[in-house]
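Written below as structure tokens is the structure these notes are about.
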């Protein structure tokens, strides 16, 4: 039982240390290898035409950027 408690405490300390490091650095969490972007792939599939879901997301992002660029008086 003592090994379980000791292991649990060690894992808890590591998680707390990682959380404190994240809060102090204020950086986004990234993988160690860089993921697909490191090999020059912009998306998960290499299809020439984006799927409908991706088109919807891109349209929504463009709409939000347009709204943020406008100066509006509320």
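What follows is calculated from the coordinates using simple rules that are stated; it is not laboratory data. Note that the structure is a prediction, hence the values are computed from the model and not measured. Here Cβ is always computed from backbone atoms with ideal geometry, including for glycine, and neighbour counts include all displayed protein chains.
Between residue 6 and residue 23, the contour length at 0.36 nm per residue exceeds the alpha carbon distance by 3.5 nm.
Site pair residue 66 and residue 54 shows an inter-label distance of 2.2 nm when each label is modelled 7 Å from Cα along Cα→Cβ.
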